[in-house]
Amino acid sequence: MDRIRITKVNEMVEERIPDYKKDKKRVDGRKMDELRPLSIKVGVLPNADGSAYLEWGQNKVYAAVYGPREALPKHTQDPYKAVVKVTYRMATFSVPERKQPRPNRRDMEISKVLGEALEQVIFAEQFPNTEISVFVEVIDSNAGSRVACLTAASCALADAGIPMKDLVAATGVGKAFGELVVDLDKNEEDAPDAVDVPFGIMPNSGNIVLLQMDGLLTKEEWAKLVPLGMKACQDIYKVQKEALKEKFILSEVSEKSVEAAVEDKAPVADKPKKEAKEAKAKKVKK
Amino acid sequence: MRTTILQYDLSKIVDLAREGKRLDGRALDEIRDFTIELGMCENAEGSARVRLGSTEVVAGIKMGVDKPYPDSPDEGAISVGAELLPLAHSEYEAGPPSFSEIEVARVVDRGIRESKAIDFTKLCIKEGEAVWIAFMDFYAINADGNLFDAGSIAGLVTFMSAKMPKLNDKNKIIKHEYSGELKLTRHPLLATFVKLGDKIMADPTYLEEKASTARFSVATTEDGYMSAMQKGPGYFNAEEVKYMIEKGFEINDAKRKKIFKLIKK
């Protein structure tokens, strides 16, 4: 994975290289298969057809979905299915050293692989000639921003009411300081033996839709990593489902506001009718 | 579907404006309520999330070390960028900076820069060799009108809360170590108005901006100065401009009070 240089306690790494086999816990105190705290909220952006905000450790991302809408320019249209277009971007201040605002090669590649992952869960053939636009924006990051974006984006798609076979749950898995770990943070990504594997699945079928890797890994290690990743993604899936359910549980306050909104709208709706009646009355008089 | 609703709302806004009313029930000179969240981005030297009605912006500051300009060897600089993310509205597109992005960034920039709120000589590290550049970038996350004022609130509070990174003896930034803050001597804010028929509205929503015929922003400070003005599309007469400047001071003073209260919490 390209390095986004994010290091919170780099000095610590320099002082003593941790040895996870001995330490039995990670630099930030997590267990080897433990995820950083994850929270998701859907429907956060009123303008978008679907949206989600996700915090995962230090990672903070927004995802918005527009569409299906006409794919433009026309030559991008596919007469058989919707085109899923993902735009992944990072805010200039989301990394320790200011990122240039214009998209770089890393942004483009990530946009592509995220789109290809999401395409697998959408019934794209229901919307020929259209584009489903997914925008993900990273405002703070610490390793694993692309899997955070993918996890958030699939919630935003569901929030937009787009017909889907499944969600996509994704996490980083890999190796750091001599042990296989789940959800690497920046310290672990910078470990001398670091292997980072962004790993995304469709939780119901277990099919893998996102898979990248850099680092050195043996076949045996890979065989052990897969179940670790699957298990972690199932946990992420639970959080995703909860977030989606949350939106549709009406609290007392929102119920009231719904009622108020209905009452508010009523007189406005009546107004044109009144005017129409008056106009009719006038006509009759004439 | 979206466009039909829009057309209906637009004509309703125009009708209501004739009676001096607004679609959301506000008075003409009333601004929307706003909230501020500070410091959520740990990688930024200062960051803020501002919601003005349902307009939402996220701003952050990165401090960088660079060579000073030859004509001002003892002065640092600020740089303001704005991005109207396609995330924020179906109208926005990804790509090179649009005219609107550049305008809103430059107006927010001028409001802060020209108020002399930041003493650029204090951003000097070593004359002629190294100075601080404060990069403040803000992103529209949800666009429901008046990104000018939302951006200016976000910009101001990020500058107010920005921490200065520590430097080693080679003038390289030591990560995650800070010394002191960026001190502001003034607190400039923008107030934006639009004209609909003969009515002036403060803090327009997206639809009000669409329905309007003219737009005007003024940046004011607490000690009675204006530090920037910008007329967008359309025209105003001198009376209207005078009214908007007076209202601008009034609105910004109230906003400033609220900002100080929110930040103290």
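Every number in this text was worked out from the coordinates using simple rules, so none of it is lab data. Bear in mind the structure is a predicted one, so any value in this text is a computation, not a measurement. Neighbour counts are summed over all protein chains in view; Cβ atoms, including those assigned to glycine, are modelled from backbone coordinates with ideal geometry.
Length, then width, then depth: along the principal axes, the Cα atoms of the protein assembly as shown run 92, 64, 48 Å.
What do you get for the angle between helix B:99-113 and the principal long axis of chain B? Use alpha-carbon atoms, 0 to 90 degrees, nearest ten. That works out to roughly 60 degrees.
In plain terms, the residue of B:His89, B:His176, A:His75 with the fewest other Cβ atoms within 10 Å comes first and the most crowded comes last, giving A:His75, B:His176, B:His89. Sort out for me the Cα centre separation of segment A:125-198 from segment B:126-151, rounded to whole Å. Their Cα centres are 28 Å away from one another. Charging the Cβ of each Asp and Glu at -1 and of each Lys and Arg at +1, and nothing else, the dipole of segment B:145-265 about its Cα centre rounds to 640 debye. Each Cα pair under 8 Å and six or more residues apart adds its separation to the average, and for segment A:61-139 the resulting relative contact order is 59 percent. Peptide A:92-105 has a mean of 6 when you count, residue by residue, the C-beta atoms of other protein chains within 10 Å of its C-beta.
The mean number of partner chain beta-carbon atoms within 10 angstrom of a residue's beta-carbon across peptide A:81-88 is 1. About its Cα centre, chain B has a charge dipole of approximately 520 debye under the convention of +1 per Lys or Arg Cβ and -1 per Asp or Glu Cβ, with nothing else charged. Across peptide B:135-141, the mean count of Cβ atoms from other chains lying within 10 Å of each residue's own Cβ comes to 5. This ranking places B:Tyr235, A:Tyr62 by how few other beta-carbon atoms lie within 10 Å of each, fewest first, which gives B:Tyr235, A:Tyr62.
When you restrict to C-alpha pairs under 8 Å that are six or more residues apart and normalise by the size of chain B, the relative contact order lands at 21 percent. Cross-link pairs exceeding 21 Å in C-alpha to C-alpha distance, out of B:Lys183/B:Lys257; B:Lys175/B:Lys264; B:Lys62/B:Lys257; B:Lys62/B:Lys183, comprise B:Lys175/B:Lys264; B:Lys62/B:Lys257.
For chain B, build the convex hull from the C-alpha positions and give me its volume per residue in Å³.
137
Compared with the dominant principal axis of the Cα atoms in chain B, helix B:238-264 is inclined by about 50°.
If neighbour count is taken as other Cβ atoms inside 10 Å, put B:Tyr139, A:Tyr80 in order from fewest to most.
Going from sparsest to densest Cβ surroundings: A:Tyr80, B:Tyr139.
Excluding same-chain neighbours fewer than eight residues apart, the aspartates and glutamates reachable from B:Lys172 by a Cα-Cα span under 19 Å are A:Glu11, A:Glu14, A:Glu97, B:Glu45, B:Asp66, B:Asp74, B:Glu75, B:Glu127, B:Glu129, B:Glu181. Segment B:171-190 and segment A:20-34 have Cα centres lying 36 Å from one another. A straight line joining the Cα centroids of segment B:220-265 and segment A:70-115 runs 38 Å.
A Förster radius of 41 Å, combined with the Cβ-Cβ distance separating B:Lys21 from A:Phe248, puts the computed FRET efficiency at roughly 0.75. Pairs from the table (B:Lys12/B:Lys210; A:Lys99/A:Lys238; B:Lys116/B:Lys255; A:Lys165/A:Lys245; A:Lys60/A:Lys241; A:Lys175/A:Lys219) lying more than 23 angstrom apart at Cα are A:Lys99/A:Lys238. Dividing the summed helix terms, -39500 (n - 2.57) for each DSSP H run of n ≥ 4, by the number of residues in chain B produces a 222 nm estimate of -10000 deg cm²/dmol to the nearest 500.
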